[in-house]
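The values are calculated or read from the model by the stated rules, or taken from the named source; none is laboratory data. Here the structure is a predicted model, which means the values were calculated and not measured. Glycine also receives a Cβ, built like all others from the backbone with ideal geometry; neighbour counts cover every protein chain displayed.
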């Protein structure tokens, strides 16, 4: 007889996802000896630093929540494609911001990425 399973909410999944990273972070802190200097760091008494850390935590939570929400409303394939397609504007902005030379290889890779996105959307519409 199968037991009914309760579905976890997005908030629970974000909490457990972030809690799973704590043992690894703790291990790295102890391996590199950061635990000895952590308590005496003056930045931990700076209100501006603490505010920035709090904002960073909220942003990290928001990214985790948005990722898990997106995965719960769509397929893993769509999520993967969106993750790879976001590299196209990053590449274009990088070329502009860093004044990188525009080569045929750059343009071909950007074009190929756009074509893959268009083909995926068309295939999803047809099927």
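A few remarks follow.
- Given (1) assigned by TED's automatic domain parsing to the domain that holds residue 121; (2) out of contact with any helix residue (DSSP H, G or I) (no Cβ under 9 Å at 6 or more places or on another chain); (3) surrounded by 10 or more Cβ atoms within 10 Å (Cβ to Cβ), number of the condition residue 59 does not satisfy: (1)
- When region 39-54 is filtered for residues that are assigned to a helix (DSSP H, G or I), surrounded by 10 or more Cβ atoms within 10 Å (Cβ to Cβ) and out of contact with any helix residue (DSSP H, G or I) (no Cβ under 7 Å at 6 or more places or on another chain), the ones remaining, listed by number, are 44, 50, 51, 52, 53, 54.
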